[in-house]
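K.L.:
Below you will find the structure I want to go over with you.
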Amino acid sequence: MSINHDSWRRLPAAQQPEWPDRDELKKVVTELEGLPPLVFAGECDSLKADLAAVARGEAFVLQGGDCAETFAGATADAVRNKLKTLLQMAIVLTYAGKVPVVKIGRMAGQFAKPRSSGTETREGVQLPAYRGDMVNGLEFTPEARNPDPWRLLRAYHSSAVTLNLIRAFTKGGYADLRQVHAWNQDFVAESPAGKRYEQLAREIDQALAFMRACGADPEEFHTVEFYSSHEALILDYDQALTRIDSRTGLPYDVSAHMVWIGERTRQLDQAHVEFFAGIRNPIGVKLGPTTTPEDALALIEKLNPDDEPGRLTFITRMGASKIRERLPSLVEKVTASGAQVAWICDPMHGNTFEAPSGHKTRRLDDVLNEVAGFFEVHRALGTHPGGIHIEFTGDDVTECVGGGQEIVEGDLALRYETACDPRLNRSQSLDLAFRVAELYRSA
């Protein structure tokens, strides 16, 4: 099939930087076009097969990482801590759900963020909004906030470094199942909520002991498959990293295994949807509370007209107060259409509020409530709650309130380090995993 994957340029493109020098942008794009792929088309197809299993109800997705990665955050310690936390969450969910967990990071490419306004004003000074390290700097100065196309190149190299670290950790013994379980045992022992999780941790321990006694030691115990993903927001970057696959002659965005369209850029007649229609990666679309069933069906028709299994994932971000009301009609109508879609819950973006201190934050209880509502809706309709998509870090930050090691609003300033939205810390992320495991077991 012949696809003109450059056709998006003829359409309006939301959330794009106002590059001050288009000639400099062209130089950067030309250089990116000549660089090696960050991932391979065959790996994207493997993820697509895994997501097809999710759509059939035979697997569960755990997708997570930073709200917005920073170049300074592409260190071995930071990558290892995020990976460690995600692997700890995955083992709990695998045991509780009795299905494989597909592990996808918001990592190695999540360097750009959509903004509600193109500018930011402080003390009467107006500057361009921070759009992520891929575009400009966080510091509130004219020099830092000026969009710089050469940052696209730095984003590529930071992504390459992060992917190399991930591959080394996941294939080099760090992801060994027994070691990950030992970390969880430490968490249960240290957490104020540990008593609540002790039974599940003990059951996992007994299962591993049984397999060890039987001499079972498969390769899967020592390594994991881990996929990268990001919101493909800056289209010049993702276009420059789109390659024709030598096996099939089809275009793949080789900047990540999976890319998604945000809530602010999912307009059917605009550039992002057109770009995504022309690549063969597994793709996601964020759906907020204003999404109608007709919107969802139109996106399916545009983005997956051949109903390819594993191709399309809907990532719902409704908010805890709205999910039980807004999600059922979407799932019902899409299911009735016969479309093969995986459903994932993003319980972060609909639950942000501003604390009295001025910090953007989220309550862990609201996050848990939205996930619970997601499970309730799917159970009531007989469909599969296919996964969760969260913003978290492996560090002990104080950006969201609540959790077993409780953070209150007065604590937010202690370690508020995010470049954009508030993230769950390691302890809160593991609290979430054990609570989602409880939802699975009570279903």
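The values are calculated or read from the model by the stated rules, or taken from the named source; none is laboratory data. The model shown is predicted, which means the values in this text are computed figures rather than measured ones. Quick reminder, even Gly has a Cβ in these numbers, built from the backbone with ideal geometry, and neighbours come from all protein chains shown. These area figures cover heavy atoms from the full protein model, side chains too; ligands, DNA and RNA do not enter into them. Shrake-Rupley method; radii C 1.70, N 1.55, O 1.52, S 1.80 Å.
K.L.:
Among the residues of segment 429-443, which ones are open to solvent by less than 10 Å² (accessible area, probe 1.4 Å) and small (Gly, Ala, Ser)?
P.N.:
If the condition is that a residue be open to solvent by less than 10 Å² (accessible area, probe 1.4 Å) and small (Gly, Ala, Ser), then Ser429, Ala433, Ala437 are the ones that fit.
K.L.:
Right, next: Can you go through Ala68, Ala49 and tell me which one is of a type in the set (Gly, Ala, Ser), touching a residue at least 24 places away in the same chain (Cβ under 8 Å) and assigned to a loop (DSSP other than H, G, I, E, B)?
P.N.:
Ala68
K.L.:
Separate question: Just for segment 35-62: of the residues that are touching a helix residue (DSSP H, G or I) at 6+ places or on another chain (Cβ under 9 Å) and closer than 30 Å to Arg154 by Cβ, which one is surrounded by the most Cβ atoms within 10 Å (Cβ to Cβ)?
P.N.:
In this case the residue turns out to be Val61.
K.L.:
Of the residues Glu139, Glu120, which single one is among the acidic types (Asp, Glu) and assigned to a strand (DSSP E or B)?
P.N.:
Result: Glu120 is the single residue among Glu139, Glu120 that is among the acidic types (Asp, Glu) and assigned to a strand (DSSP E or B).
K.L.:
Of everything in segment 64-88, what is open to solvent by less than 30 Å² (accessible area, probe 1.4 Å) and closer than 18 Å to Val180 by Cβ? Give them in sequence order.
P.N.:
Gly64, Gly65, Val79, Lys82, Leu83, Thr85, Leu86, Leu87, Gln88
K.L.:
Condition first: open to solvent by less than 40 Å² (accessible area, probe 1.4 Å) and either out of contact with any helix residue (DSSP H, G or I) (no Cβ under 9 Å at 6 or more places or on another chain) or among the β-branched types (Val, Ile, Thr) (or both). Now tell me which residues in segment 183-200 satisfy that.
P.N.:
Across segment 183-200, the qualifying residue is only Val188.
K.L.:
Mind checking which residues of segment 235-245 are in contact (Cβ under 8 Å) with a residue 60 or more places away in the chain and either in a strand (DSSP E or B) or open to solvent by 10 Å² or more (accessible area, probe 1.4 Å) (or both)?
P.N.:
Correct list: Asp236, Gln239, Thr242, Arg243, Asp245.
K.L.:
If you don't mind, there's one more thing I want to ask. Can you tell me which residue among Arg415, Arg426 is of a type outside the set (Asp, Glu), open to solvent by 20 Å² or more (accessible area, probe 1.4 Å) and touching a residue at least 60 places away in the same chain (Cβ under 8 Å)?
P.N.:
Going through Arg415, Arg426 in turn, the sole match is Arg426.
K.L.:
Same structure, new question: I need the strands (runs of 3 or more DSSP E) fully contained in segment 246-362, keeping only those with at least 1 residues that are open to solvent by less than 40 Å² (accessible area, probe 1.4 Å).
P.N.:
251-253, 258-261, 283-287, 312-316, 342-345, 360-362
K.L.:
Which residue pairs have Cβ atoms under 8 Å apart, sit 6 or more places apart or on different chains, and have a first residue in segment 166-179 that is within 16 Å of Val39 (Cβ to Cβ) and a second that is of a type outside the set (Asp, Glu) and in a helix (DSSP H, G or I)?
P.N.:
Sorted first by the residue in segment 166-179, then by its partner, the pairs are Ile166/Val79; Ile166/Leu83; Thr170/Leu83.
K.L.:
Another one. Here are Arg362, Arg426, Arg379, Arg415: which of them is in contact with an Asp or Glu (Cβ under 7 Å, 6 or more places away or on another chain) and farther than 17 Å from Val92 by Cβ?
P.N.:
Exactly one residue qualifies, and that residue is Arg415.
K.L.:
Hey, another quick one. Within segment 215-234, can you find the residues that are at pLDDT below 95 and farther than 24 Å from Phe169 by Cβ?
P.N.:
Gly215
K.L.:
Next up: Which condition number does Val29 fail, the rest of (1) open to solvent by less than 90 Å² (accessible area, probe 1.4 Å); (2) more than 19 Å from Met134 (Cα to Cα) being met?
P.N.:
(2)
K.L.:
Quick one: in segment 389-408, of everything that is touching a residue at least 60 places away in the same chain (Cβ under 8 Å) and among the acidic types (Asp, Glu), which residue is most open to solvent (accessible area, probe 1.4 Å)?
P.N.:
Result: Glu406.
K.L.:
Also, quick follow-up: Given the condition over 24 Å from Leu93 (Cα atoms), of a type in the set (Gly, Ala, Ser) and open to solvent by less than 10 Å² (accessible area, probe 1.4 Å), answer yes or no: does some residue in segment 212-228 qualify?
P.N.:
Scanning segment 212-228 turns up no residue that is over 24 Å from Leu93 (Cα atoms), of a type in the set (Gly, Ala, Ser) and open to solvent by less than 10 Å² (accessible area, probe 1.4 Å).
K.L.:
Related question: Please indicate, with yes or no, whether at least one residue in segment 364-372 is assigned to a strand (DSSP E or B), open to solvent by 10 Å² or more (accessible area, probe 1.4 Å), closer than 18 Å to Gln428 by Cβ and in contact (Cβ under 8 Å) with a residue 60 or more places away in the chain.
P.N.:
no
K.L.:
State whether the residues of segment 74-81 include one that is in contact with a Cys (Cβ under 6 Å, 6 or more places away or on another chain), part of a loop (DSSP other than H, G, I, E, B) and aliphatic (A, V, I, L, M).
P.N.:
no
K.L.:
What are the residues in segment 103-120 that are surrounded by 24 or more Cβ atoms within 10 Å (Cβ to Cβ) and within 14 Å of Lys286 (Cβ to Cβ), if any?
P.N.:
Arg106, Gln110
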